[in-house]
Amino acid sequence: MLPIILLSVFGIALLFLGFAKSKAILLPATLLFIAIAFGASFVDWGKNYMYFNDMLLSTNLSIAFTAIVLLSAFMVVSLSSSFLEDESAQPAEYYAIMLFSLVGAIMMISFENLIMLFVGVEILSVAMYVLTGSDKRNLRSNEAALKYFLMGSFATGIMLFGLALLYGTSGSFVLSDLRSYVNGGVAYGSPLLLYMGLLLLLVGILFKVSAAPFHFWTPDVYEGAPTLFTAFMSTVVKTAGFAALLRLLSFSFTGIYSFWGVILMAVTVITLVVSNFTAVYQSSFKRMMAYSSISHAGYLLIALTAVGQQSKQALVFYSLAYSVATIAAFGVLLVVSRHQSGEGKPTDESYDAFNGLARQNPLLGFIMTVAMLSLAGIPLTAGFWGKFMVFTTAANRGIFWLLVVAVLMSAVSIYYYFRVIIAMYLRDGQTTAIRVAPFYRYVLIAATILTIVLGILPNLVRSLV
C-alpha cells in the first residue's frame, strides 16, 4: 500500500509548493508524484499482502485497478494547464485534493475491512464535492456542488446504516468473517438483517457509480462541474466504485447470490434503458456524456451480475477502455470550449460546438472520432472488446435475456455518439484552426493510440489479471 502513503505525503507537499511565487512547478510536480505512485503500485505484484492491521489487501487485481485509476489521474492532470493561466484558480489546492481523492479510491479498491471501505468512500466523495464547486464564479458549478453534497450525504447515511446492520448480524466488519457467516458460520443475528444491510450498502455504492435509479444527480453535476473535474469524476470514481463492488460481492456474498443477483439484474436493465433513451434527447455534449457514463455503469453491472473469474478480467479491461476514451473526449471538449471563449464567444458545450471541427483540425477530429467509436463499442477499438468481454460473462452465466437488452441498448447508443462525428465531418461551423500545446496533444494522441492498440491486441491487458 505504498501508493497510499506516497500520495498522502505528496498531497501535503503540493500544498506547500503552492506558497511558491511561480505556479509553473505545480503541474510537472503533480505528474511526477502520480508517476511515482503508479510505479510503486507494482511493488507487490504477484504477492498477496495485508496492510494497516489487516484492513487492506494487495492482490494483482487490486493493483490492476489501482494502475487504471492512477493512469486516468495522470492523463486528466496532464490536461489541466489552463489552471496555471487563470489568476483566480488555486492549482496547488486542486492538485492536492485530487491526490487525496486517489488515496480514497485506492482504499475502496483494496479494502479488507468495511471500515476502510467507508473511509475510502468518504475521502473520495468529499474531494469530489469540493472540486465540483471549485469554479466559485459559476452559478452552475455552485448548484452542482450543493446537489452533489446533499444527495451524496444521504447516500452515505444509507450506506453507513447498511454497514451497521451487517456488523449487527455477523459481528464483524472483516470480509472473511462476513463470508464465513454467509456460508453458514456462527450467526449473531437474523439473516433478514443481513439482506437489509447488504441492500442498503449496495444502494450507497450504486449511487457513487451513477447506476439508475440512483443517477439523478449525475447530469446536473457533470454539466455544472468544471470539465476537467468531470473527466476525473467519470473515470476515477467509477473505476473505484466497481472495484469495491467486485471485491465485496465476489468474495463475501457469493453464498446469497440468489438475493443480490436479482437486484443487480433489475438495476442493470433500468440503468441501460433509462440512460440510453434519455441520452438521445440531449443537446448538451456534457449531459450526453453524463448519460453515457450511466449507460456504461449498466454494462459494467452485467459483469458483476455474472460474477466469476471472467468478470474480473472484463471489469479491468472495460474500466481501462472506458476511462481512456472518456478522457480523450473531454480533452477535445476542453480545447474547443477554451478556444471559443478565447474568441470572446460564450462557452458552447452543445453538439454545435463541434460543427466542422475535423476540417480545420483533423487531428482533434480523429481523436474525438476514435473516442466516440470506442464508447459505442465499434470493432477495432478497445470499447468493442470491453463490451464483448462483458457480454461473454452474461452468456456464460446463462443470462441471455439480459444480454439481449444490453445489445439493443448498445445499438441505441450509436445514434448519440455518431451525432458528434456527423457534426465534425458533415456540418459547417465557425471553428477555426485551434492551437494545442505539445504536451496536451501528446496525451490525447497517447489515449487514442492506446484505444486502438487495445482494440487490436486485447490480450495485452486481459492476460494480466
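The values are calculated or read from the model by the stated rules, or taken from the named source; none is laboratory data. Quick caveat, the model's predicted, so the values are computed rather than measured. Positions of Cβ are backbone-derived with ideal geometry, glycine not excepted, and every protein chain shown enters the neighbour counts.
Tell me, yes or no, whether the stretch 141-148 has at least one residue that is among the hydroxyl-bearing types (Ser, Thr, Tyr) and under 19 Å from PHE216 (Cα atoms). Checked against the condition, which is being among the hydroxyl-bearing types (Ser, Thr, Tyr) and under 19 Å from PHE216 (Cα atoms), the stretch 141-148 yields at least one hit. Tallying residues that are assigned to a helix (DSSP H, G or I), of a type in the set (A, V, I, L, M, F, W, C) and more than 17 Å from THR305 (Cβ to Cβ) within the stretch 376-400 yields 4.
Which residue out of ALA325, ALA321, ALA353 is of a type in the set (A, V, I, L, M), touching a helix residue (DSSP H, G or I) at 6+ places or on another chain (Cβ under 7 Å) and modelled with pLDDT under 90?
Going through ALA325, ALA321, ALA353 in turn, the sole match is ALA353.
Residues are listed down the side, and each one gets a yes or a no for (1) buried (at least 24 other Cβ atoms within 10 Å of the Cβ); (2) within 18 Å of SER234 (Cα to Cα):
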position: LEU300; (1), (2): yes, yes
position: ALA306; (1), (2): yes, no
position: SER319; (1), (2): yes, yes
position: ARG338; (1), (2): no, no
position: ALA358; (1), (2): no, no
position: ALA376; (1), (2): no, yes
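Can you pull out the residues in the stretch 46-67 that are of a type in the set (Phe, Trp, Tyr) and in a loop (DSSP other than H, G, I, E, B)? Result: PHE52, single match. If you take the residues in the stretch 216-245 that are hydroxyl-bearing (Ser, Thr, Tyr) and surrounded by 24 or more Cβ atoms within 10 Å (Cβ to Cβ), which one is farthest from PHE285 (Cα to Cα)? That would be THR239.
Annotation: GLY18 fulfils all but one of (1) closer than 21 Å to VAL119 by Cα; (2) at pLDDT below 95; the unmet one is (1).
Before we move on, is LEU102 touching a helix residue (DSSP H, G or I) at 6+ places or on another chain (Cβ under 7 Å) and at pLDDT 95 or above? Yes; evaluated as a whole, the condition is true for this residue.
Comparison of LEU192, LEU117, LEU165 shows that the only residue that is crowded, with 20+ Cβ neighbours inside 10 Å and over 28 Å from MET233 (Cα atoms) is LEU165.
The residues of the stretch 19-41 that are closer than 22 Å to LEU124 by Cβ and either assigned to a loop (DSSP other than H, G, I, E, B) or touching a Ser or Thr at 6+ places or on another chain (Cβ under 6 Å) (or both) amount to a single one, SER41.
Residue by residue, here is whether (1) within 30 Å of SER80 (Cα to Cα); (2) in contact (Cβ under 8 Å) with a residue 40 or more places away in the chain; (3) touching a Cys at 6+ places or on another chain (Cβ under 7 Å) holds:
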residue	(1), (2), (3)
ARG179	no, yes, no
GLY197	no, no, no
LEU202	no, yes, no
VAL209	yes, yes, no
TRP217	yes, yes, no
SER234	yes, yes, no
LYS238	yes, yes, no
TRP260	no, yes, no
ALA266	no, no, no
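When the residues of the stretch 401-458 are filtered to those that are aromatic (Phe, Trp, Tyr) and surrounded by 12 or more Cβ atoms within 10 Å (Cβ to Cβ), which remaining residue is farthest from ILE294 (Cα to Cα)? Looking at residues that are aromatic (Phe, Trp, Tyr) and surrounded by 12 or more Cβ atoms within 10 Å (Cβ to Cβ), I get PHE439. Filtering the stretch 429-443 to residues that are under 11 Å from GLN360 (Cβ atoms) and either modelled with pLDDT of 95 or more or not polar (S, T, N, Q) (or both) leaves GLY429, ALA433, ILE434.
Report yes if GLY255 is on the phi < 0 side of the Ramachandran plot, surrounded by fewer than 19 Cβ atoms within 10 Å (Cβ to Cβ) and either touching a residue at least 60 places away in the same chain (Cβ under 8 Å) or within 15 Å of the chain's Cα centre (by Cα) (or both), otherwise no. Judged against the criteria, GLY255 is a match. Of the numbered criteria (1) surrounded by 24 or more Cβ atoms within 10 Å (Cβ to Cβ); (2) within 15 Å of the chain's Cα centre (by Cα); (3) under 30 Å from GLY197 (Cβ atoms), the one SER125 fails is (1). Screening the stretch 185-295 for helices (runs of 4 or more DSSP H) wholly inside it with 2 or more residues that are more than 17 Å from LEU165 (Cβ to Cβ) and among the β-branched types (Val, Ile, Thr) returns the ranges 217-224, 227-232, 257-280. Residues of the stretch 146-172 that are touching a helix residue (DSSP H, G or I) at 6+ places or on another chain (Cβ under 6 Å), of a type outside the set (Gly, Ala, Ser) and more than 14 Å from LEU202 (Cβ to Cβ): LYS147, TYR148, PHE149, MET151, THR169. You will find that of LEU364, LEU373, LEU403, the residue that is at pLDDT 95 or above, under 22 Å from LEU320 (Cα atoms), of a type outside the set (S, T, N, Q) and in a helix (DSSP H, G or I) is LEU373 and no other. In the set (1) surrounded by 20 or more Cβ atoms within 10 Å (Cβ to Cβ); (2) closer than 23 Å to GLU349 by Cα; (3) modelled with pLDDT under 95; (4) of a type in the set (Phe, Trp, Tyr), the condition left unmet by TYR281 is number (1). Of all the residues in the stretch 425-465, those that are within 23 Å of PHE74 (Cβ to Cβ), among the β-branched types (Val, Ile, Thr) and not in a helix (DSSP H, G or I) number 2.
The set of residues in the stretch 199-218 being more than 19 Å from LEU300 (Cα to Cα) and either touching a strand residue (DSSP E or B) at 6+ places or on another chain (Cβ under 7 Å) or at pLDDT below 95 (or both) consists of TRP217 alone. Which residues, taken from the stretch 149-174, are farther than 30 Å from TRP217 by Cα and aliphatic (A, V, I, L, M)? Once the filter is applied, which keeps residues that are farther than 30 Å from TRP217 by Cα and aliphatic (A, V, I, L, M), the stretch 149-174 yields only VAL174.
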